[in-house]
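Data first, discussion second: the structure below is written as structure tokens.
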Amino acid sequence: MTLFDELLEANARFAENFPGTELTAVPSRHITILTCMDARIDNFAAFGLEVGDAHILRNAGGRVTDDVIRSLVLSNDILGTRYVAVIHHTECGLVGTTNEAIRDAIAVARRVDLSAIDFDPFEDVDQSVRDDLVRLEAAPLLRDDITYAGFAYDVANGVMRAVQSLLEPVAGTISAPSVSGLRNDAYIEEFRANDGKLGGNFSGVPVLLLHSTDAALGETRVTPLTCQSLESGWAIFASNGGSVAEPGWYGDLLVDPVVTIEFGAETIEGRARVAMGAERDQIWTRQKALIPAFAGYAQVANRTIPVLVIEPC
Ligand code: ZN
């Protein structure tokens, strides 16, 4: 009996007991996991996921390649995933080697020219995870409202460790896309633990937590945002940290302007509207005076930054 015969026999038993499925192609946890092909990693078990919960993309090393981008566009745009986890691991075959060493090793066994293949080897697992998060953030074809996070998996003990991004937050905004997902969670935690105040780059900067409804998913999105206090409420700015793309929450508010905000220790129901004309100019001019980085965002983004007013209702 060949290996394939064994596999087919196993499948016959599997199919006999197959309970049927109500799952759809849309991953129910809205997450895509990019990880190494290493045979020791059980992604579902390691994260407590079930079949139907997640897309799993695997290649040598779990590296971000053109083909990973291709799959992510489909995963995000067609099948609604909004979280991407990059997992690299200890004892990876690509750690501590080089393209030359890999090519030489294979060339000894068989005569083949591998000079056109970049095997994407790396020195340090945490650094390779960060490098791939940067690749994702820089990929122009990917959506701007994806939350990315990186992890290092220890094959010896099963521990999945979060790898912090090396990227520092841009002063004056916390609405930057992509890698900021990891940071946003930390900001939200800090905000709630300190009656709405943040330290570091955001010390003294007024901040609110915006709860908006992601129309595509029907889920609530919580975004920490720099704000400006107005007599009637608060102004927020769809600067996206100077990204050419508008932030996901802005699209949410255009579809459904009913929001909840957390400001200080309070939670307030409100309604958002886009400020126009003289009102917008006045708020925007004041914001650039309060936090000069905002002038830079408009310049880098090369678009008019939408200003929204939230009023309690
Ligand atoms: Zn590996």
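A compact table of results
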| item | result |
| --- | --- |
| Meets criteria (modelled with pLDDT of 95 or more and of a type in the set (K, R)) for R13 | yes |
| Residue ID - surrounded by the fewest Cβ atoms within 10 Å (Cβ to Cβ), chosen from residues in region 138-165 that are touching a residue at least 60 places away in the same chain (Cβ under 8 Å), more than 15 Å from Y83 (Cβ to Cβ) and more than 17 Å from the chain's Cα centre (by Cα) | A156 |
| Unmet criterion (only one of (1) over 29 Å from the mean Cα position of the chain (by Cα); (2) within 16 Å of the ligand (Cβ to nearest atom)) for S128 | (1) |
| Residue list for region 128-172, restricted to those being over 15 Å from N43 (Cα atoms), hydroxyl-bearing (S, T, Y) and modelled with pLDDT of 80 or more | S128, T147, Y148 |
| For I106: the one exception among (1) at pLDDT 90 or above; (2) assigned to a helix (DSSP H, G or I); (3) more than 25 Å from the chain's Cα centre (by Cα); (4) not charged (D, E, K, R) | (1) |
| Residue within region 242-251 that is part of a strand (DSSP E or B) and either under 21 Å from E311 (Cβ atoms) or β-branched (V, I, T) (or both) present | no |
| Single residue of S128, S115 found to be in contact (Cβ under 8 Å) with a residue 60 or more places away in the chain, more than 24 Å from G241 (Cα to Cα) and among the polar types (S, T, N, Q) | S128 |
| Residue match in region 110-123 (condition: more than 13 Å from the ligand (Cβ to nearest atom) and assigned to a helix (DSSP H, G or I)) | no |
| Which listed residue, of I41, I33, is within 20 Å of the chain's Cα centre (by Cα), within 16 Å of the ligand (Cβ to nearest atom) and not small (G, A, S) | I33 |
| Yes/no for A301 being farther than 22 Å from I188 by Cβ, under 23 Å from the mean Cα position of the chain (by Cα) and buried (at least 17 other Cβ atoms within 10 Å of the Cβ) | yes |
| N17 vs. criteria out of contact with any helix residue (DSSP H, G or I) (no Cβ under 6 Å at 6 or more places or on another chain), within 16 Å of the ligand (Cβ to nearest atom) and not β-branched (V, I, T) | no |
| Residue that is surrounded by the fewest Cβ atoms within 10 Å (Cβ to Cβ), among those in region 45-98 that are away from the ligand (no atom under 16 Å from the Cβ) and assigned to a strand (DSSP E or B) | Y83 |
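Okay, residues lined up against (1) small (G, A, S); (2) on the phi < 0 side of the Ramachandran plot; (3) in a loop (DSSP other than H, G, I, E, B):
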position: A216; (1), (2), (3): yes, yes, yes
position: C227; (1), (2), (3): no, yes, no
position: E279; (1), (2), (3): no, yes, no
position: T304; (1), (2), (3): no, yes, yes
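Let's see how each residue does on (1) in the same structural domain as F119 (by TED's automatic domain parsing); (2) of a type in the set (V, I, T); (3) closer than 20 Å to A139 by Cβ; (4) in contact (Cβ under 8 Å) with a residue 24 or more places away in the chain:
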position: L7; (1), (2), (3), (4): no, no, no, no
position: G20; (1), (2), (3), (4): yes, no, no, no
position: T32; (1), (2), (3), (4): yes, yes, yes, yes
position: D42; (1), (2), (3), (4): yes, no, no, no
position: A46; (1), (2), (3), (4): yes, no, no, yes
position: V51; (1), (2), (3), (4): yes, yes, no, yes
position: I69; (1), (2), (3), (4): yes, yes, yes, yes
position: V73; (1), (2), (3), (4): yes, yes, yes, yes
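The values are calculated or read from the model by the stated rules, or taken from the named source; none is laboratory data. Remember, predicted model here, so these are calculated numbers, not experimental data. So basically every Cβ, Gly included, is an ideal-geometry build from the backbone, and we count neighbours across all protein chains shown.
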